[in-house]
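The values are calculated or read from the model by the stated rules, or taken from the named source; none is laboratory data. Bear in mind the structure is a predicted one, so any value in this text is a computation, not a measurement. No Cβ is skipped: glycine too gets one built from the backbone with ideal geometry, and neighbour counts run over all protein chains shown. Keep in mind that these areas ignore ligands, DNA and RNA; they rest on the heavy atoms of the full protein, side chains included. Shrake-Rupley method; radii C 1.70, N 1.55, O 1.52, S 1.80 Å.
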Amino acid sequence: MRLKWRAARKSFGAALIGAGLAWGISGQVSGGDIFRALAATRAHPAQDLSPGDVPNFQNAKLETRAIHGSLGEEIERWAASARKAQWLGYAVSAVKGQRSICCSDYGNGSQGGCAACSLEDRRSAVSINSSDERTGRVRLESVSQVAVMYRAENGKIGKIRMFSLGCAADAGGLNVLWLEGAASSESVKVLERFVISDGAPGEGHDSLSKSALTALALDDDPSADRAMESFVSPNRPEWLRRETAFWLGEARGAEGLRALEKMAKDDPSPHVRDQVAFALSVSAEPEALSEMIRMAREDPDGHVRGQALFWLAEKAGKKAESTITGAIQNDPDTEVKKKAVFALSQMAHDEGVPKLIEVATTNRNPEVRKQAMFWLGQSNDPRALAFFEKVLAQ
């Protein structure tokens, strides 16, 4: 009965990336849709790397040297002098987590892992493969460092890419300048300027703002938390608040949860708050569940309450049962009640089917009873069949 997207939920293609999969039905498009290829896969973990290590560049004219001055000034000088297309990169420490960060084409990796990162392929995008305890997939090694890459041509930076430092990268025959000794805090400053200065985001993974936000969100430096908190100020564009909310839940731990809790209460846009509900569901912080329950009960917007109920069922199962059944009984909005019924259908059969039968039998709202019977019909559960036989015999 649980829909097919469950296995894709936590591994970056979801946002995962597959914008038309799970999120299409629930009405939820994650902030990371452009950047995540959400499928927990067996990837090749990065080896233990030292700060002086260089990625395995292929098909590249590689120059390696130390930074002269600040990182921002170095990048500005390099970009201004770049007449022909070329790349610049450096390494930073990554946020802790069991994930492999690739920029390979979706699905082209060997046995589902990272293929060589094709920097010049327009279809190449960031995919972050992470394990999900509910899929039974094997956890990946923790990534310690990531490469942040900039592409410049005609004096202007036009693309940003990133990948785990242990991945191979194909530069398409172009010059690559690799800078040693980059400070994570300086990288955050550089990326922050791209996030807020690129204007409205473009479609797909080639948006500089979105690519910069991804790289910044995965940087382990504490200054990244402060930058991301500034991105969710109510005076920032709605698209930026939504995108940032996703990364706060996915990558920023306890600091990210605190920012999401504030957004859940204070952001004026229901369109942003429904993304906050999803971001809370991907957070690894146990306290995220309490805020999801509060949103499901108290958010002033019916759509947001419904989304919180849906992601509660996905995240918490039986722990969320009382909140979901409470919404069916007490929420004044019939559409929220129907979404709560759907949330029951996404729980494990032993938990959800009996509750759906109870709703179909006793709820006073005919639209709610109809919804419960619909999802019972989709369950292929013998108890649902027995229930329908009983109804038809009356």
Could you pull out the residue among ARG364, ARG297 that is at pLDDT below 95, in a loop (DSSP other than H, G, I, E, B) and either open to solvent by less than 60 Å² (accessible area, probe 1.4 Å) or among the basic types (Lys, Arg) (or both)? ARG364
Residues that are outside any helix (DSSP H, G or I) and open to solvent by 40 Å² or more (accessible area, probe 1.4 Å), drawn from region 345-361: ALA348
Looking only at region 367-394, filter to residues that are in contact (Cβ under 8 Å) with a residue 40 or more places away in the chain and open to solvent by 90 Å² or more (accessible area, probe 1.4 Å); which one of those is nearest to GLN329 (Cα to Cα)? GLN378
Residues satisfying the stated conditions in region 246-271, i.e. within 18 Å of VAL304 (Cα to Cα), open to solvent by less than 20 Å² (accessible area, probe 1.4 Å) and not aliphatic (A, V, I, L, M): PHE246, GLY249, ASP267, SER269
